[in-house]
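Worksheet for the structure shown next.
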Amino acid sequence: MKRLAFIFALATLVSAPAYAFKLKDLLNVPDQNKTQQPAAASGTQQKQRFDTQALAKTLFGKTSTEDEIRIGRQIAGNLLGAMPLVRDDDLQRYVNVVGRWVAEQSGRNDIRWYFGVLDSEDINAFAAPGGYVFLTKGLYRRLSNEAELAGVLGHEIAHITHKDHLKLLKQTTLISTLGQAVGENFKGSDQAVQNLIGNGAEIMARGLDKDTELAADRTGVVFAARAGYDPWGLPTVLQDLTALPAGDQRTSLLYKTHPAPADRLAALGDAIGPRFDSLTGGKDFKDRFYRIR
Amino acid sequence: MKQRFVGLSILLTAALSGPVLAASPGSLIRNETLKSQPSATAMSVGSVARGAAVEIIGRQGGWVQVQSGRTRGWVRLLSVRAGSGGAAGAGIGDVVGIATNKADPSRVVAVAGVRGLSEEDLKKAAFNPAELAKLETLGVTEAQAKAFAAKSGLKAATVAELPTPQKQNNQPGGTN
């Protein structure tokens, strides 16, 4: 039955006249700040459903940068609904300059990059499409220098440049969430995108596969090294995580969505081998590393 | 009395040898050769088998110095996992941070009472426009990032992408 609905949705898309799948053209959602009259509501819902379908279709092909940012922005806004930013502008600015410099090495300059430290004791980091990167205060506190920060951010930047979450959306969205009408409207919230990504920020709890994570480790280490940092930052963080007890609640989501840190260490070891032996002179800036008060 | 003396001598040794990291437990996740120096070309001083428990003494670049029985030597950082309990599993204890090779006491955080972030928390999360706006004001430009790097002496280096490893049936030890 679900399958039928899916086929029907596809058929609708196929039979639709040629649309330009630029989101700005597609979207004509009424101002969500205004209270909608009940009579108008069903029409709006229909419109949203259509927008979501169209948006989903764009995911089949090459997602435009504009769409990517729009999807990432909604995910980022939701994630910030679960965990706000740490109220420390110096910290946030520091993470942004380091992160932006590491992102520079990725070659993606078609997006703005944003970095945020989330006010949570959980130990984790997140990337949303379009350049939104987060790590938790719990993880930040475990870092002991700037090279480690660069390595962690490098891993997340790699997810964005590899477009891992967009691929995940392409694989799973249509079947699971297409056409669902979701919850209330929030100011600035993008309903069509929300329909696509499921509930809240749940996509951030959906694990990417193991190889995808290991690839992000490899690329993340390389980005940090290209930025002039000691390449051993991310490996040191992973090694530190191997010391945590398996039952530590603060890592339960991390380990649900990532391979065990010991496995990541081993895989990175296989990949790097002696390749970085000649790579010396990377910086770690232990002394200037910003400590959370 | 004797214990006290031992304690004193440890203190003295620590004071004399300068700032050393406290040794912390670890174990090998692959068979390794112990080197006399943190370098692939250094002399071998022994070997350690996968799963062997070691004390992690220090780190330099991509190498860690470990004590294995009576032998002390250097192995690649990525060959060693931290924590007690060996390759078989997770470290035990309700305090974390201690069993790491990092000396910062602020990292010792009691686990008790900290509830982790759950999938449910993320599902229920409602879009927060104010926080998103805040995040977007914090972003820096490419030019600002370049200026930061230049001021810091961070120079972009040419580093090749790492190759995708061949599929191996090489189960690394440990499930943490």
Original post:
Any idea how many residues of region B:63-75 are surrounded by fewer than 23 Cβ atoms within 10 Å (Cβ to Cβ) and either charged (D, E, K, R) or touching a Pro at 6+ places or on another chain (Cβ under 9 Å) (or both)?
Top reply: 3
Original post:
If you scan region A:125-135, which residues turn out to be closer than 17 Å to A:ASP164 by Cα and not hydroxyl-bearing (Ser, Thr, Tyr)?
Top reply: A:ALA125, A:PHE126, A:ALA127, A:ALA128, A:PRO129, A:GLY130, A:GLY131, A:VAL133, A:PHE134
**OP:** Report yes if some residue within region A:164-179 is part of a loop (DSSP other than H, G, I, E, B) and at pLDDT 90 or above; otherwise report no.
**Re:** no
Original post:
Taking into account only those residues within region A:83-105 that are surrounded by 21 or more Cβ atoms within 10 Å (Cβ to Cβ) and in contact (Cβ under 8 Å) with a residue 40 or more places away in the chain, which is nearest to the other protein chains (Cβ to nearest Cβ)?
Top reply: A:TRP101
Original post:
In region A:260-293, which residue that is farther than 23 Å from A:ALA225 by Cα and in contact (Cβ under 8 Å) with a residue 40 or more places away in the chain is nearest to the chain's Cα centre (by Cα)?
Top reply: A:ILE292
Subject >> Enumeration of residues in region A:198-221 that are among the hydrophobic types (A, V, I, L, M, F, W, C) and surrounded by fewer than 24 Cβ atoms within 10 Å (Cβ to Cβ) >> reply: A:ALA205, A:LEU208, A:LEU214, A:ALA215
**OP:** Mind counting the residues in region A:269-293 that are in a helix (DSSP H, G or I) and either among the charged types (D, E, K, R) or buried (at least 23 other Cβ atoms within 10 Å of the Cβ) (or both)?
**Re:** 2
Original post:
From the residues in region A:106-127 that are among the charged types (D, E, K, R) and either touching a Pro at 6+ places or on another chain (Cβ under 7 Å) or within 9 Å of chain B (Cβ to nearest Cβ) (or both), which one is nearest to B:ALA149 (Cα to Cα)?
Top reply: A:ARG112
Subject >> region A:249-262, residues that are facing chain B (nearest Cβ under 7 Å) and farther than 23 Å from B:LEU28 by Cβ >> reply: A:GLN249, A:ARG250, A:SER252, A:LEU253
**OP:** Please verify whether region A:122-135 includes one or more residues that are farther than 19 Å from A:VAL222 by Cβ and surrounded by fewer than 22 Cβ atoms within 10 Å (Cβ to Cβ).
**Re:** no
Original post:
Mind checking which residues of region A:207-245 are closer than 30 Å to B:ALA23 by Cβ, assigned to a loop (DSSP other than H, G, I, E, B) and of a type outside the set (Ser, Thr, Tyr)?
Top reply: A:ASP230, A:PRO231, A:TRP232, A:ALA243, A:LEU244, A:PRO245
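Yes/no matrix, rows are residues, columns are (1) at pLDDT 95 or above; (2) within 7 Å of chain A (Cβ to nearest Cβ); (3) within 19 Å of A:ALA147 (Cα to Cα); (4) in a loop (DSSP other than H, G, I, E, B):
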site	(1), (2), (3), (4)
B:VAL114	no, yes, no, yes
B:LEU132	yes, yes, no, no
B:GLU136	yes, yes, no, no
B:ALA147	yes, no, yes, no
B:PRO172	no, yes, no, yes
B:ASN176	no, yes, no, yes
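The values are calculated or read from the model by the stated rules, or taken from the named source; none is laboratory data. Note that the coordinates shown come from a computational prediction; the quantities given were computed from them, not determined experimentally. Methodologically, a virtual Cβ is constructed for each residue, glycine included, from the backbone with ideal geometry; neighbour enumeration extends over all protein chains shown.
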